[in-house]
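Since the structure comes first, as C-alpha cells, the remarks are kept for the end.
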Amino acid sequence: MDSLLNAADSALRTLFARPHATQACPTGADQITRLDAAESRSSAGLMRVNHVGEVCAQALYTAQALTTRNPVLRAQFTRACAEETDHLAWTAERLSALHSRPSLLNPLWYAGAFGLGLLAGRLGDKVSLGFVVETEVQVGAHLQSHLDRLPTSDHDSRAIVAQMRDDELRHAQDAQDAGAMELPRPVKDLMRAAAKVMTTVAQRV
C-alpha cells in the first residue's frame, strides 16, 4: 500500500506540482543567450519534447521501482528517478524562460510510460533493466540530435541538453552493469517508432 501511495504521489507531483531540482540548472556560463522570435519558437518546441521525455522518465522509473522485489534495484531506480526530477525542473524552467509551456498531453504521456514500466517490471528485473538501457540509449541519441538542431546562440538550452545527455547515458550504463538483458530487435524498433510519434506530437501540442 505504501508503494502504491508513493507512486500516486509521484504522478501528482510530476503532472501538477512545480518540480524542484537538487542540482543547479546548467547554463551557458559566460555566454549570453540572445534569440530572435523564430529561434525562440524552435528552442521551445525542442525543450517541450525534452520536458515530455522527463515526464515519461518519472513514470517509467516509478513503475519499475514499484514492480521489482529487489531492494538494491529499487534503490537504483529511485536514485535515477530523483536525477530525472532535476531534468524535469531544468526543462520546465527553460520553457518558462522561453515564454512557452509544457505539452498539454502530459497526463497521457505519463500514463503510457507508467504502463510500459509496469509491463517491463512484470517481465522480470533483467528485462526491466534492458528496457532502461534501450530507453536511455535512444534518449541519449535523441538529445544529441537536439544539440545539432538547437540554435547555436541558445547557450542555456544547449547546456541543459548536454548535461541531460550525459546523465541518461550514465543511467544506461548503470542498468547494463546491474545485469540488463539485450532486448530483441523488433522491440527496440517498436520503442523507436513510439518515441518518434511522441516527439512529433509533443513538439507542437
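What follows is calculated from the coordinates using simple rules that are stated; it is not laboratory data. Being a predicted model, the structure only gives us computed values, none of them experimental. Positions of Cβ are generated from backbone atoms using ideal geometry, with glycine treated the same way; all protein chains shown enter the neighbour counts.
Grab the Cα-Cα distance for S145 and K196, subtract it from 0.36 nm times how many residues apart they are, and report the gain in nm with one decimal.
On the way: separation 51, 0.36 × 51 = 18.36 nm, distance 1.27 nm.
So the chain would gain 17.1 nm between S145 and K196.
Which whole number in µm²/s is D for the range 14-116 by Stokes-Einstein, with the Kirkwood Rh taken over Cα pairs at 25 °C and 0.890 mPa s?
Numbers: Rh = 14.7 Å.
Once the numbers are plugged in, D ends up at 167 µm²/s.
Modelled spin labels at A24 and A38, positioned 7 Å past Cα toward Cβ, are 3.5 nm from each other.
Along its first, second and third principal axes, ordered by size, the chain spans 50, 35, 30 Å in Cα coordinates. Calculated mean residue ellipticity at 222 nm for the chain: -26500 deg cm²/dmol, from DSSP H runs with n ≥ 4 weighted as -39500 (n - 2.57), summed, divided by the residue count and rounded to 500. In terms of its C-alpha gyration tensor, the range 93-194 comes out prolate, because a/c is 1.5 or above and the ratio a/b outweighs b/c.
In the chain, the longest principal axis of the Cα atoms and the axis of helix 2-16 are about 20 degrees apart. With respect to the chain, whose longest principal axis is taken over its alpha-carbon atoms, helix 155-177 is tilted by about 10°. By other beta-carbon atoms within 10 Å, ranking H155, H51, H99 with the fewest at the front produces H99, H155, H51.
Between K126 and R204, residue separation times 0.36 nm minus the direct Cα-Cα distance comes to 24.5 nm. Equivalent ellipsoid of the range 153-205: semi-axes from √(5λ) of the C-alpha gyration tensor, largest first, are 25, 20, 6 Å. Estimated from the Cβ-Cβ distance and a Förster radius of 22 angstrom, the FRET efficiency linking R101 and A17 is about 0.90.
Paramagnetic label reach from A8 (point 7 Å along Cα→Cβ; backbone nitrogen cut-off under 16 Å): within the range 84-121, no residues. Between L147, L66, L108, the Gaussian network model of the chain with springs among Cα atoms under 10 angstrom shows the greatest mean-square fluctuation at L108.
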